[in-house]
Amino acid sequence: MFKKIFIIAILIVSNLYAKTIKVAISANVSYAINDLIKEFNRINPNIKVQVTLGGSGKLVAQIRHNAPYHIFMSADMNYPNALYKDKIAITKPKIYAQGALSYFSIKQRDFSMGLDLLKDKNIRRIAVANPKTAPYGKATKEALENAKLYKLLKNKFVYGESISQTVSYTITATDIGFIASSSLYSKSLKKYKKGINWQEVEPTLYNPINQGIVILKNGKENKDVKKFYNFILSDSAKEIFKRFGYIVS
């Protein structure tokens, strides 16, 4: 009995001293974040990571309105660069991974046709992330413009406010969709096959999706925030990003 009480007391004390850091993360990282936090907590068990996921543009709007985040992990470099320029971020943006774009359908498709597949009359609705708020949406627009397909297909688009919402639309509401390649490594999508259900978009059709991380003003001089920041840029984190389809150097 005494032993049980002692263990409970230790757990209570441990929780009292557990510290929380708040991280705003682009939705495309949602598939890898659990593994990243698990590895981080293996080294830092007393630091709790509280995650808010969303489109990078929407998260930046929240940050500019004083949302209490300590770290921002964007789906591109433009947003963190702007925050750094405006002195809202205190560290110069660094690339933590490079994202890739794929097009995906739960139905079997003839992906040997490349993006011309999208001209098929049976493909009536195409899920895309909003290019105004989501960097993967911007990359989709670039790819389709460079493939001379954007104007032809524009009326078929169903917009998601983030890449995770776009994945949801692709599965439930549209015939095909443009998603982050990382989402294809999630448990729910692993069963789908390359060349049958999905194909990567030719990377020469869009600018590299360099994803950036910054520490925000709220995280200044916070050692735990610095630990998570350093971890995301570490070799351990890079190995996890690789497992989820990202390109890392």
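All of the numbers you see were taken from the coordinates with simple rules; none came from a lab. This is a predicted model, so every value here is computed, not measured. Positions of Cβ are generated from backbone atoms using ideal geometry, with glycine treated the same way; all protein chains shown enter the neighbour counts.
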> Of T170, T91, T204, which is the most mobile in a GNM of the chain whose springs link Cα atoms less than 10 angstrom apart?
Replying inline: T204
> Farthest toward the dipole's positive end in the range 100-205, which of G195, S182, T170, given Cβ charges of +1 (Lys, Arg) and -1 (Asp, Glu) about the Cα centre?
Replying inline: T170
> For the chain, with only Lys/Arg (+1) and Asp/Glu (-1) charged at the beta-carbon, what is the dipole magnitude about the Cα centre, in debye rounded to 20?
Replying inline: 500 debye
> According to the square roots a ≥ b ≥ c of the eigenvalues of the Cα gyration tensor, what is the shape class of the chain, taking rounded for a/c under 1.5, prolate for a/b larger than b/c otherwise, and oblate for the remainder?
Replying inline: prolate
>> Quick check on the exposure proxy: order K121, K217 from fewest to most C-beta atoms within 10 angstrom.
In response: K121, K217
>> Could you give me D for the range 100-205, from Stokes-Einstein at 20 °C and 1.002 mPa s, where the hydrodynamic radius is the Kirkwood radius over C-alpha pairs? Units µm² s⁻¹, please.
In response: 161 µm²/s
> What list of ³J(HN,Hα) values in whole Hz, one per residue of the range 193-199 in order, does the Karplus curve 6.51 cos²θ - 1.76 cosθ + 1.60 (θ = phi - 60°) give from phi, with Gly and Pro shown as x?
Replying inline: 10, 5, x, 10, 10, 7, 8
> Want the number for D110 to K242: 0.36 nm per residue separation, take away the alpha-carbon distance, what's left?
Replying inline: 44.8 nm
> With the contact rule set at Cα under 8 Å and sequence spacing of 6 or more, what percent relative contact order holds for the chain?
Replying inline: 29 percent
> Structure shown: which of K94/K132; K94/K156; K138/K227; K38/K87 lie over 24 Å apart, alpha-carbon to alpha-carbon?
Replying inline: K94/K156; K138/K227; K38/K87
